[in-house]
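The values are calculated or read from the model by the stated rules, or taken from the named source; none is laboratory data. This one's a predicted model, so the numbers in the text were calculated from it and none came from an experiment. A quick note on method: Cβ atoms are made from the backbone with ideal geometry, for glycine too, and the neighbour counts reach across all protein chains shown.
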Protein chains: 2
Amino acid sequence: MDNQSKRMLDRIDFVLVETSHPGNIGSSARAMKTMGLKNLSLVAPKVFPSTEAEALASGATDLLQNARVVQSVEEAVAAADWVVGTSSRARAVSMPTLDVREAAHQMADHFAANHGEIAILFGPERTGLTNHCLDRCHQLITIPTSESYASLNLAAAVQIVAYELRLAFNGTNIVAESSQYPLATAAEMDGYYQHLEQALVEFDFLDRSNPKLLMRRLRRLYNRAKPDQREINILRGILTAAQSHKNNKKNNT
Amino acid sequence: MDNQSKRMLDRIDFVLVETSHPGNIGSSARAMKTMGLKNLSLVAPKVFPSTEAEALASGATDLLQNARVVQSVEEAVAAADWVVGTSSRARAVSMPTLDVREAAHQMADHFAANHGEIAILFGPERTGLTNHCLDRCHQLITIPTSESYASLNLAAAVQIVAYELRLAFNGTNIVAESSQYPLATAAEMDGYYQHLEQALVEFDFLDRSNPKLLMRRLRRLYNRAKPDQREINILRGILTAAQSHKNNKKNNT
């Protein structure tokens, strides 16, 4: 993640409203930090600070130490120019609602347009955000869940929102390269297939069926694996070892 | 979510390997159920069943009651034709790696092509998946995290993977491809690897280098190709043909 994206994540505040279980505060801090988020605000937490929160925060206790504790949601969101509420279910409220993935992209756009701070509100475990809180939100974001069981744990909701923000702000999903060796070239693959065909003839295996069809099937199989050069060397080494037994036999008889 | 997509989620097994904390098993069950997933397997859990797991599962205790408890990862994945390992960081292993979003889409494609069951492995809390487990995987999936703090809680990782699956499977159209052969199961792949190792010993090939490392490299190569059952039969036929020459030699000398 580049520095510009990191600075954008620094302009987002996760606001936990009236959280009942201190363990959830710790787990939420950990979830935030794994995704590179650091600003945690707590509105009237039932128990804080707490050893249970610290235990569950694991290596994210710095977020707890730096957490801003306030007594009202108004105070928590005062500096934000975009306030977002979260819900795991559709609410019977008349306000604009987005799923979390789309919302994360709009937040990236928000900062790209040089706007200010964003506050994201998470309600109490049992009840979710009250109407009083929702009245202070510009937008509601929902996390898609099963129709029959939508009971997301608070820290799990925090984790998904933080994850979507990281991906949206990062822009790219990098797929790690699987091998440090260069892939075999087409010529090297052809060399292997010629070696394989020769060995199969020696093993009396090709005669048993249509040889062209069999070689085509084997080509498809190995091409799918996209072998690197070391792997092709191993495969050819195996063929040579198998052939040398055959040749020994011929020489001995 | 339509019934077809729900049935596809039913063909995915979440396999928690040697989980230390029973609370994490409960939280993982809850995370799965919120996204409509239900198949939980536990490989040698440290404590199970457990009241702590049940407390943290909340409304998802049915997943715990139906959990399959086994003693080896081989047993856990035997029926799967695609086995996936999870990691929150890049591993120093040479195997194909995808981020979780891309992997979820490929899993939807897997079912759309009428393939079988998928097993997704989650390692122990402190250490992650061992090489022994990774050797049984076709693919590694990573969850993007902060470069400076990648310590995702187990249930948080389960939550993100389950969430991405739900989103990827929603609205996937199944295209029947009846002409294709079923993919080889993990047990069939193991049978092939045993046969291959035996043949390599007979060819005096395994002695030349670290045998475990070589077998690991070969597993990675063939797992990447995701062979179908016909292809595995061809590969074993080639081994048998090569071995029979060797055995003939022995009988003649």
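Here are some notes:
- Single unsatisfied condition, B:Leu165 versus (1) at pLDDT 90 or above; (2) farther than 27 Å from B:Asp10 by Cβ; (3) more than 8 Å from chain A (Cβ to nearest Cβ): (2)
- Segment B:193-211, residues that are surrounded by 13 or more Cβ atoms within 10 Å (Cβ to Cβ) and either more than 8 Å from chain A (Cβ to nearest Cβ) or in contact (Cβ under 8 Å) with a residue 12 or more places away in the chain (or both): B:Tyr193, B:His195, B:Leu196, B:Glu197, B:Gln198, B:Ala199, B:Leu200, B:Glu202, B:Phe203, B:Leu206, B:Pro211
- Unique residue being in the same structural domain as A:Gly123 (by TED's automatic domain parsing), modelled with pLDDT of 95 or more and of a type outside the set (Asp, Glu) when the list is A:Ala80, A:Ala67: A:Ala67
- Of the set (1) surrounded by fewer than 23 Cβ atoms within 10 Å (Cβ to Cβ); (2) more than 24 Å from B:Phe169 (Cα to Cα); (3) in contact (Cβ under 8 Å) with a residue 24 or more places away in the chain, all apply to A:Asp135 but (3).
- Any hit, segment A:171-191, residues being part of a helix (DSSP H, G or I), at pLDDT 90 or above and more than 9 Å from chain B (Cβ to nearest Cβ): yes
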